[in-house]
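The values are calculated or read from the model by the stated rules, or taken from the named source; none is laboratory data. The structure displayed is predicted, hence computed values, not measured ones. Glycine gets a Cβ as well: all are built from the backbone with ideal geometry, and neighbour counts include every protein chain shown. Side chains included, ligands, DNA and RNA excluded: accessible areas come from the protein's heavy atoms. Shrake-Rupley method; radii C 1.70, N 1.55, O 1.52, S 1.80 Å.
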Amino acid sequence: MKQKGILIVVSGFAGTGKSTVVKMLAEKYSEQYALSISMTTREPRKYETHGVEYFFSTKEEFERTIAEDGFIEHACYIGNYYGTPRKYVEEQLEAGKDVLLEIEIQGALQVKEKLPDTMLVFVMPPSAEILFNRLKGRGTETDDVIRKRMLRAVEESQGIEQYDYILVNDDLDVCVEGLHQMIQSEKLRASRNIPFIENMRKELVDLKKGEV
Ligand code: 5GP
C-alpha cells in the first residue's frame, strides 16, 4: 500500500521569498511534492495568471465555497480572503504526495488544529532591514500596502514559536535545499512510521520463531 503524503505549511512575512522557495522546491522534486493553489479575492498582480499563482474569485464565490465546506482553512489578510481548496490537497495526500501550502499564520494554525500531523515551517529574512528593502524593491505594491504588510509582520512575529521549524532565507538555493532536508527528516520521525515499525517487529518475531 502506498504511504500517504505529509502536509507542510510554509509561512513567513511578506517579502521573505517564501512563494519562490515553495515553487522552486515543488519544481525541483516534482515527483515528491504537490503545491496547493489557493483561492483569493485579491486583485491579480500584473504577472499573475488565474489557476497558476491563485484562483482569483469574487467575494460571493469565496463565501459560497466556505458554506460548502470547500476549504481546509481560510483567513482574511489585509482586507482580502484567502483559502486552501480542500479537494486537491486531500487527493494529492492520498496519492502519496507531500503537499505544500504557502499560507499566512491564522490559516496555518487552523490547519494544525484540524490536522495535528501537519508540519509548520516559518521562513525568516536574515534581518528586518533586509525584509523592508526587499518589499520596497519588489515594486509591485504601493507605499500604503507596504506599510500594512510591515505592520502585519510585527503582529505575525508574535506567533512564530507555534511553528515547528524556522528557515532563514538568505541564499535561495540553500534555503530550498534546507527545506527539502527538513522535510526528509520530518518524514523519518518514528511516530510517522508506525506501520513500518510494527511490521519490522512482527517480522523479527516470526524469524525468531523459525529459528527454534
Ligand atoms: P499575497 O497577497 O502576497 O499573494 O499573499 C498574502 C498572504 O496570504 C501571504 O502571507 C500568503 O502566504 C497568504 N496566503 C496565500 N494563500 C493563502 C491561503 O490559502 N490561506 C491563507 N490563510 N493564507 C494564504
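Answer with yes or no whether Glu211 is out of contact with any helix residue (DSSP H, G or I) (no Cβ under 6 Å at 6 or more places or on another chain), within 16 Å of the ligand (Cβ to nearest atom) and over 17 Å from Ala108 (Cβ atoms).
Numbers: out of contact with any helix residue (DSSP H, G or I) (no Cβ under 6 Å at 6 or more places or on another chain): yes; within 16 Å of the ligand (Cβ to nearest atom): no; over 17 Å from Ala108 (Cβ atoms): yes.
It is false that Glu211 is out of contact with any helix residue (DSSP H, G or I) (no Cβ under 6 Å at 6 or more places or on another chain), within 16 Å of the ligand (Cβ to nearest atom) and over 17 Å from Ala108 (Cβ atoms).
Within the stretch 1-30, take every residue that is away from the ligand (no atom under 12 Å from the Cβ) and part of a loop (DSSP other than H, G, I, E, B) and give me the one that is nearest to Lys97 (Cα to Cα).
Only one residue fits best here, namely Gly5.
Could we say that Gly107 is open to solvent by less than 30 Å² (accessible area, probe 1.4 Å) and either without any contact (Cβ under 8 Å) to a residue 24 or more places away in the chain or part of a helix (DSSP H, G or I) (or both) here? Please lay out each step first, then the result.
Working: open to solvent by less than 30 Å² (accessible area, probe 1.4 Å): yes; either without any contact (Cβ under 8 Å) to a residue 24 or more places away in the chain or part of a helix (DSSP H, G or I) (or both): yes.
Against the criterion (open to solvent by less than 30 Å² (accessible area, probe 1.4 Å) and either without any contact (Cβ under 8 Å) to a residue 24 or more places away in the chain or part of a helix (DSSP H, G or I) (or both)), Gly107 qualifies.
Would you confirm, using the coordinates I've provided, whether Ala153 is within 11 Å of the ligand (Cβ to nearest atom) and either outside any helix (DSSP H, G or I) or among the acidic types (Asp, Glu) (or both)?
On the way: within 11 Å of the ligand (Cβ to nearest atom): yes; either outside any helix (DSSP H, G or I) or among the acidic types (Asp, Glu) (or both): no.
In short, no.
Identify, please: which residue in the stretch 1-52 is small (Gly, Ala, Ser) and in contact with a Lys or Arg (Cβ under 8 Å, 6 or more places away or on another chain) and is, among those, farthest from Val145 (Cα to Cα)? Before you say what the answer is, go through the steps one by one.
Start the filter on the stretch 1-52 by keeping residues that are small (Gly, Ala, Ser), which leaves 5, 11-12, 14-15, 17, 19, 26, 30, 34, 36, 38, 51.
Filter again for in contact with a Lys or Arg (Cβ under 8 Å, 6 or more places away or on another chain), leaving 5, 11-12, 14-15, 17, 34.
Values: Gly5: 36, Ser11: 19, Gly12: 17, Ala14: 11, Gly15: 12, Gly17: 17, Ala34: 30 Å.
The selected residue is Gly5.
Sort out which residues of the stretch 168-190 are aliphatic (A, V, I, L, M) and either in contact (Cβ under 8 Å) with a residue 60 or more places away in the chain or assigned to a loop (DSSP other than H, G, I, E, B) (or both), and write them in order of number. Please lay out each step first, then the result.
Taking the stretch 168-190 as the starting set, the residues that turn out to be aliphatic (A, V, I, L, M) are 168, 172, 174, 176, 179, 182-183, 188, 190.
Correct list: Leu172, Val176, Leu179, Met182, Ile183, Leu188.
Could you look through the stretch 31-78, keep only residues that are assigned to a loop (DSSP other than H, G, I, E, B), under 24 Å from Leu115 (Cα atoms) and open to solvent by less than 70 Å² (accessible area, probe 1.4 Å), and pick out the one that is farthest from the ligand (Cβ to nearest atom)?
Filtering the stretch 31-78 for residues that are assigned to a loop (DSSP other than H, G, I, E, B), under 24 Å from Leu115 (Cα atoms) and open to solvent by less than 70 Å² (accessible area, probe 1.4 Å), the one farthest from the ligand (Cβ to nearest atom) comes out as Gln32.
Pull up the stretch 86-112, narrow it to residues that are within 13 Å of the ligand (Cβ to nearest atom) and more than 13 Å from the chain's Cα centre (by Cα), then point me to the one that is farthest from Ile160 (Cα to Cα). Even if it seems obvious, please write down each step before you answer.
Step one: filter the stretch 86-112 for residues within 13 Å of the ligand (Cβ to nearest atom), giving 86, 88-89, 99-112.
Next, from what is left, pick out any that are more than 13 Å from the chain's Cα centre (by Cα): 86, 88.
Working: Arg86: 25, Tyr88: 27 Å.
By that ranking, first place goes to Tyr88.
Collect the residues in the stretch 1-58 that are over 24 Å from Asn193 (Cβ atoms), among the charged types (D, E, K, R) and free of Cβ contacts under 8 Å to residues at least 12 places away in the same chain, keeping them in residue-number order.
Result: Glu27, Glu48.
Looking at the stretch 37-56, is at least one residue closer than 24 Å to Glu177 by Cβ and of a type in the set (Gly, Ala, Ser)?
no
For Val99, are the conditions met, namely being open to solvent by less than 50 Å² (accessible area, probe 1.4 Å) and not in a strand (DSSP E or B)?
For Val99, the condition - open to solvent by less than 50 Å² (accessible area, probe 1.4 Å) and not in a strand (DSSP E or B) - is not met.
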